[in-house]
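Everything on this sheet refers to the single structure shown next.
No value in this document is a laboratory result; all are computed from the given coordinates. Every value quoted in this text rests on a predicted model; they were computed, and no experiment measured them. Cβ sites come from the backbone with ideal geometry, for glycine too, and all protein chains shown count toward neighbours.
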Amino acid sequence: MIEAASSPSLTRRRTVDWQDPGAVRAAAQGLTGLEIMHGIRDGTLPPPPMARMLGIDCIRAEPGEVVMELDPQESLENTIGMMHGAVAAALLDATMGCTLHTLLPGAQAPVTVDLTITYLRPLTAGSGRVRASARVLNHGKRLAYVEGEVRDGAGNLAAHAVGNFSVVSVS
């Protein structure tokens, strides 16, 4: 059984291209978080390598509001046919951090301190386009509390998260 499952005829490949993150940081130097997110949304700045790897698209970026989507695909599934929870976690972490980033000046960026996720329903390749959104509940000088959610293609709540994000200085 294992031999048949690992047969070369069943092997699939996925190629991911990305841009040098250092060059992107240099291109974004001096931009506010909102301007960076507009650039990623509009395609004038490339998305981070992790977003490219998972297939995350930024579709909305406004002050205090970011919406990201991805198409669940077989390459993101675990062996029981469901999208691995880490994919939803990465989608939430990115959306929540970027939502905070839209409120920060160019010399500051968010860094995740903690993230608590409740998974409410499984996602699969058949779930339809998955959408994550977030909102900042409390924003202090050095710490922000953010809430996020993931919904499946039918609009059903699949995961909910809350997290603390540190606001750090960047150069």
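Observations on the structure shown:
- Modelled label positions at ALA27 and TYR145, each set 7 Å beyond Cα in the direction of Cβ, lie 3.8 nm from each other.
- Distance between the pseudo-spin-label points of MET53 and VAL170 (7 Å out from Cα toward the beta carbon): 1.8 nm.
- Structure-based [θ]222 nm, the chain - -39500 (n - 2.57) summed over DSSP H runs of at least 4, per residue, nearest 500: -7500 deg cm²/dmol
- The reciprocal of the average 1/r between distinct C-alpha atoms defines the Kirkwood hydrodynamic radius, which for the chain equals 16.9 Å.
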